[in-house]
Each structure stands twice: as C-alpha cells, then as structure tokens.
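Report on one structure; see the data block that follows.
What follows is calculated from the coordinates using simple rules that are stated; it is not laboratory data. The structure presented is a predicted model; accordingly, all values stated were derived computationally and were not measured. Heads up, the Cβs are rebuilt from the backbone with ideal geometry, glycines too, and the neighbour counts pull from every protein chain shown.
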Amino acid sequence: MFKVRSSILLFFLGPAVFSILIFFVLPVAFALVLSLTDFDIYSLGDIKYVKFVGFGNYFKIISDPLFWKALLNTIYFVFVGGPISIAVSLFSALLLQSRLVKFKKVLRFAFFAPVVTTLVAVAIVWRYLYHPRFGLFNQFLMIFGLDPINWLGDPRFAMPSIIILAVWKNFGYNMLIFLAGLQNIPDELYEAAEIDGASFFQKFKNITLPMLSPTMLFVSLTTAIGYFQLFAEPYVMTQGGPLNSTLSIVLLMYQHGFKWWNIGYSTSIAFSLFFIVFLFSLLQLKVQKRGYIFTR
Amino acid sequence: MRKIYGFILNLALLISCVFTISPLLWMISASFMSVGEASQIPIRFLPQNFTLENYKILFSRLNLSRYFLNSLIISSSVTFISLFFNSLAGYAFAKYQFSKRDRLFNFLLSLMVIPGQVTMIPLFLMLKNLGLVNTYLGVIIPGMSSVFGIFMIRQYVLGIPDSLIESARIDGAGEFQIYLKIILPLSKPILITLGLFTFIGTWNDFLWPLIIMTDNSMYTLPVAIANLMGEHAADVELMMAGSVVTVLPILFVFAVAQNYYIQGIIGGALKE
C-alpha cells in the first residue's frame, strides 16, 4: 500500500470515476426524476410543458395491459428459456468433460462460437431458418412427414422460437463455467464412490450435482438477470408480434421512449425492470458471498 | 465397453457440434448464392452458382464499408480508452492508500446491479443537449470506463508484489512511470482479456447505437443490417452476406485469442 498526493490520486482515479458518475450515476438519478413526470414529445420541444405527476406513471403501468403482457412474456422467456439454457449447458459440459472425448479444443470452440457472434446478425439468419416455406426447420419437419410450423408467425410458437435461438446462442457461455466447476470436483470423491460400487447416475446425483451447486446458483442468477433484458431478438425477428406474443419489457420501454417519445412513462418502465433485476441481484449477493459478482 | 462408450460419446458430440455451427455455416454458404437460391425446396446447402455479387452490392450500393468503418472506429476507441481509464483506476484501488477508498470501491461495485437500460433515455437527452447525437463520441462516451473493468484490473494488480513498486520508487521513478513501465506490462494478460470483452461487446452492441445514431451514415454494422432488413427482407442471400460481414471479424478475433477470452470468463465466475 502506498500513499500519494491527492493530485496524483485524482489523475489516476479521476477519468474513470468521474465518467462513471457523470454518464451513469447522474442519468440514473435523472431517470428517477423523469419517471415522476409526464415528459413527452412536446416537452422535448419546450421544457415548460413538463408536469410533475408523482407516482402517476407507476400507477399507469399497473393498469396497462400491454405492460403486463410484456412482463409475462419476459417471465416466460426467463423461466422457460433460462432453465433450458442451463440444462443444455450442463449436459454439454458433462459430455465434454470426459477423458474419452477427442478434439476437445475444436468442440469447445464450436460450442462457444455462437456466444461471441453478433446477436442481430444471427437473429437475421435464424429468421430465415424459421421461414414458413423455405426455412431449414420446416424442411426438416417435412422430411419426417410432419406439418410445417409457422414459427415466428404463430403466437403460440413465436416465443418458443426465440427461446430456441437464445439457447443456441448462449449455452456455450455457461458450459464453460460448468466445465470449470466440474474440474474443481476432487477425483477422490468419484474414486471412493466407485469402490463403494456407485452407478453412473448415483455418482451424478450424489457427487456432481451437490458439488456444482455454487456454480449452478451463480449461473442461474446471472442467466436470469441477462434474460430479463431481452430485446434484440424480438426487435429483429418479430417486432414484438404476432399479437404482442414476443413483446418484452425492454422492447416496450424502447417503443415508448424512442418511437412514441413517452419519455416519462418509458423511464418508469425501465425502473420496473431495474426493480426486478435488483431483486435477483440481491439474491445473488446473498447466496454468492464467495465468488465474484458481475452481470453481463 | 469403454470403447463403445467412447465412440457413442464422440459421435453425440460430433452431431451436436454440427447442429451448433450449421446456422453459421449456412449463413456463409448462402451469402455466396445467387438470387433465389437460398429459397428453394429442397433446401440448398451449397451454392449452385457461386457468386460474390451480394458482397459487391453491399459494399458498392449499400455503403457497408462505411458501417464497417464506423464499427471499427467505435469499438477500437472504446477498447483503448476504457483499458486506459480502467487500468489507471484499478491500479489506484489496488495499490494506493486513501481515505474512504473501500467505501468508494464498494459504491462502484453496487452500481453493477443497475441495468444499463435505465440510463439510456436520460443519457440520450444529455448527449442531445451536448450535440453528441450522431457522433462517434456519443457511442464512445458511455463506454469510456466500466465498474467491471476496474474490478477485474484491481483484482489482478493486487497480485503484483509491492516490492516491485517500492524498488522502482527508490530508483526515482514517478507514479505514472511506475504505472506505465511496471504495472501495465505485468497486467498484460488481464488487459488482453478485458480488451477482448470490450471490443467484442461494443462491436455487438445494438440498443445504444440504435438510439444515439439516427443518421444513416453513422450506423454501426448491427444497426445497419437490422435497418437493411426493413427493405431487403426478401433478399435472403444479400442479408446473409451482411450478417457474414458483421460476424466474421468477431469470430476471427475470438479464434486468435480464445484462450484469453475463456480464461476471463472462468476466472470471473469461479476465482475465490
């Protein structure tokens, strides 16, 4: 530890700390104020038109069926898509971990490649894979004599389609974390279980899963927090349709804020998202005292 | 028994590997198809008439080189500026003693629970007043530093022994010299990891550039191809070429430096 003059301290800390204060903390405070006003397109022209409305926007949210629709859709995405993502990640980590696997590095690269790709670009690709007539998926179904599905055009299938894309795009990330977690389980545990004659599934249930539970918790919560921020997939593939079946909270916020310029209302939607994510983060902080915390 | 198990395992992994990369392979293949080839029954996996026409259209008529340049300028600037700012602060938090240091650091950490979307509307209004809508600075400014980056660098610098800094001080090195000549070279692995995260994250970012860049010529690649989708949704082959141009640079960067990237994810999640 070293002591330095405050001017030197300012030189080192100033750029990062002040840019965070000015371009992150200040906007958050500003957003809180905006969410208590009726700031709209007229106020954008002349600030005189802004009126303080207290918690009016928040009451409006509660009685806005579109917000509830967006919230339920987002919850659907988080609580169906999240567990499926995690299950696929865990399963592929378990397969990849075995000593019998050849070309581990190549496989790891292939499974991870979707994670780094640009979401907008792959969403465009998947839009065509989901094409009702020419798409890969329906042509595949037809080979087996099954009826084609109107993936993105049918309100029942639109969200599942987005979930499949999200699972494909994201599973490699958690897979890596699971792989690292699996490597931390001491071999002796398995050896001892083998001596006792434990089967494959007994070892999985009684050693792997319990030993992975801290990793599992971390993965579940970061995935949930990330999935609550669903935006680009529906923006590119469905624009929230059909019949608002893929409208997410962030998409609704974007539409109110930057399409209809209902800025006050839009920021109150953003704060509702913050509130939900905050609850999950608290949960994460509480249960994850040892590991790092970070959200993507 | 073991042999059979190994065979089945490798086969299962091979099949899932093919499934995983097939959307990306099809994207690349379809980008070389001539008009209409990608919309056929049965589906075509390889181009019949291999053509570079789609790329020619993108770069000549549809201005893609401009968007490519925008993305490159923005992502590189954000990466270098944020590495510089974050490493300055991360080093100070790790090695300098000052009053309220831990409180300030914990305050910064607590900001990580706030989703970025909350700041976007006020930030847009602020930058609009500063005349920064439709400028590179408008995208770069919110990315100039990050709590996550400061945190990662601080953790790494904590592991550098004080004695190195002490002996440099005895030799008469100034504080900035110590940072430049000792701390930065020793932190190379974490700087590369963080730089990769930042570059890839900024390149792929969609919502913020969509908001701040309202003028067509300032679009980044993701915004540009999402916009292209509006007019050219029916031109599958063209859209695939656009996606390739957006995705390939990132895949290339990742392929070259994947070990740093992967170490960063694993270290961030599991180090105790």
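Before moving on, here are some points about what is shown:
- Diffusion coefficient, µm² s⁻¹, Stokes-Einstein with Kirkwood Rh over alpha-carbon pairs of the range A:171-223 at 25 °C and 0.890 mPa s: 208 µm²/s
- Positive-end residue, the protein assembly as shown charge dipole about Cα centroid, Cβ charges, pick of B:L196, B:H232, B:S71: B:L196
- Max mean-square fluctuation residue, GNM over chain A, Cα-Cα springs under 10 Å, options A:V33, A:V106, A:V50: A:V106
- The protein assembly as shown - mean residue ellipticity at 222 nm from DSSP helices (-39,500 (n - 2.57) per run, n ≥ 4, rounded to 500): -21500 deg cm²/dmol
- Among the residues of B:173-185, the average count of other protein chain beta-carbon atoms within 10 Å of the residue beta-carbon is 1.
- Calculated FRET efficiency, A:E191 to A:A87, Cβ-Cβ distance, R0 = 25 Å: about 0.35 to the nearest 0.05.
- Amide H contacts under 5 Å for B:Y96, placed H, 5+ residues apart: A:F2
- Area projected by the alpha carbon convex hull of the protein assembly as shown, averaged over all directions, nm²: 30.1 nm²
- Alpha-carbon radius of gyration plus Dmax, which is the widest Cα pair, for chain B in Å: 23.4, 76
- Protection proxy ranking, peptides A:263-272, A:171-180, average beta carbon neighbours within 10 Å, highest first: A:263-272, A:171-180
- Nearest-ten-degree value, helix B:117-129 long axis tilted from longest Cα axis of chain B: 80 degrees
- Given charges at beta-carbon only (K, R positive; D, E negative), |dipole| of the range B:62-233 in Debye: 280 debye
- On Cα atoms only, tilt of B:2-31 relative to the major axis of chain B in degrees: 80 degrees
- Projected label distance in nm at A:L146 and B:S217, using a 7 Å step from Cα toward the beta-carbon: 5.0 nm
- Peptide A:177-190 shows a mean partner chain C-beta count of 2 within 10 Å per residue C-beta.
- Distance cut-off 31 Å, percentage of C-alpha pairs in the range A:64-287 lying past it: 33 percent
- Listed peptides A:156-164, A:137-145 appear in the order A:156-164, A:137-145 once ranked by packing, highest mean of other Cβ atoms within 10 Å at the front.
- Per-residue mean of C-beta atoms belonging to partner chains within 10 Å, peptide A:27-35: 5
- FRET efficiency estimate (nearest 0.05) - Cβ-Cβ, A:L44 to A:Q202, R0 60 angstrom: 0.40
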